[in-house]
Amino acid sequence: MDGRSPTIKEIAQKAEISYSTVSRALNDKRGVRADLREKIKRIAFDIGYIPNSSAKALVQKRIGVLGLIIPRTGEFAFQSPYYSQMLLGISEIANQYDYKLTLSINEKESYASLYFRRLVDGVIVIGNRLDDEHIVELEKKSVPAVVIPGFLENSRVDIASVNSENVRCVYRAVSYLIDLGHRKIAFILGTPNSKYSVERFKAYQAAFRDRGLVYSSDYIVESDFSKTDGFRLMGRLLDLSERPTCVICINDTVTPGALHQINLRGLKIPEDISVVAIGSSDILDLFQPPLTTVKTAVTKIGQTAAQMLIQLIESGFCAERHVVIPSEVIIRDSTRALTAQ
C-alpha cells in the first residue's frame, strides 16, 4: 500500500464501466441494475474505498461532525417549530455530504471550545443574539461558523450568516393592514437583542412613516418568543382602554399563545380583531379562520447554512457570506377591512 486512498476512478476501471455509473451505484441512485450495483459495491469493499467526504476528512484530519448551537433552553427549543424545521434542513444537507450532527443546547461556555477540543469541524449558531460574545470569539479565532439570522449591518462582527427576508415582507404586511383601515396595529415582538425583532420592527415603523402616520408605542410589546409570553402580552394589549384592532405575532410560538388569549376573551377573528402570524410552521395553516401569514422558509435557511458551513470547512471560504432567503406574505381570512368602531 502506498498510503493513497482508492478512488471511484479505480472502481470504474476494475468494473469496466463509467465513473458516473459507479457514483450512482455507491450513492444508491436510480438507473443502475441490482446485480451491477452489487458488483460495484463488492469491488469498492475489496479495494478499501472510502466515500469521498470521509476520505477528505481523514486527509484533512477532520472528524466529520457539524456542531449545532441553540442558545436557548431545551424546553423552549424542543417546543418551537422554528428549531425543528431548521434542524430538518441542516440534517438533509449533512446526510448528503456524510456529516454527523452534534447538538448543544443553552451552551454557557465558549462555542469555539467545541472546535478546539476536536468535537466538531465547525458550528452553526441558530437564533443568535446580537450581544452574544461567544460568537465574537468564533470570528476572532477563525472557527468555521455560520450564524442564523446573523448581525445587523455595520456590526463589528462579520461572520457568515443566513437570514430570512424580514424587512420587505413585514413592510408589505403592515402596509396591507393600513390599507384596510387599521391604525391600532399591535406588534408582539421578540427580545430586543434579536435581529428578527430589530428588522421587523423597523419595517413596521417604515410602513407608518411612509404613509405619514404615527403609531402608538402602547401597541408595541416585547416577548421572550414563547407561547406563554404571547398569551400574557396579548392579555395586556386587550386590557388597554383603546385595544388594538389588529395584532402581528413575531413567530410560531407566540402566535398560539396570543390566539388562546383572544379566544378566552370571547373575541372573534377577524370580526373583533385581525391577526397576522409570522412563521414557518404548517401548524399555522390549521387554525380557523386560516391565518394571514408572513411565511419564512426556515427549512431552506437550515439547508443553506449547512451548505455554507461545509464549504467553509472543506475549502476555507463560501461564495456568499451573507445570504437572505425570501419570505412570502399570504393573505387569508384572519384579516379584514376595519369596520366603523
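The values are calculated or read from the model by the stated rules, or taken from the named source; none is laboratory data. Remember, predicted model here, so these are calculated numbers, not experimental data. Positions of Cβ are backbone-derived with ideal geometry, glycine not excepted, and every protein chain shown enters the neighbour counts. Surface accessibility is based on the protein's heavy atoms, side chains included, excluding ligands, DNA and RNA. Shrake-Rupley method; radii C 1.70, N 1.55, O 1.52, S 1.80 Å.
Residues of segment 99-112 that are loosely packed, with under 15 Cβ neighbours inside 10 Å and under 19 Å from Val136 (Cα atoms): Asn106, Lys108, Glu109.
Evaluating Gly316 against the criteria (1) over 21 Å from the mean Cα position of the chain (by Cα); (2) more than 30 Å from Val120 (Cα to Cα) leaves one unmet condition, (2).
Within segment 69-87, being part of a helix (DSSP H, G or I), open to solvent by less than 20 Å² (accessible area, probe 1.4 Å) and within 10 Å of Asn106 (Cα to Cα) holds for one residue alone: Ala77. Counting residues in segment 135-149 that are closer than 21 Å to Gly302 by Cα and in contact with a Lys or Arg (Cβ under 6 Å, 6 or more places away or on another chain) gives one or more. Just one of (1) within 18 Å of the chain's Cα centre (by Cα); (2) buried (at least 21 other Cβ atoms within 10 Å of the Cβ) fails for Thr191. It is (2). In the condition set (1) within 30 Å of Val146 (Cβ to Cβ); (2) modelled with pLDDT of 95 or more, Ser280 is compliant with all but (2). Of all the listed residues (Val174, Val170, Val146), the sole one being open to solvent by less than 10 Å² (accessible area, probe 1.4 Å) and more than 28 Å from Gly212 (Cα to Cα) is Val146.
Return a yes/no flag: does segment 167-178 have any residue that is in contact with a Ser or Thr (Cβ under 6 Å, 6 or more places away or on another chain) and of a type in the set (Ser, Thr, Tyr). The answer is no, given that none of the residues of segment 167-178 is in contact with a Ser or Thr (Cβ under 6 Å, 6 or more places away or on another chain) and of a type in the set (Ser, Thr, Tyr).
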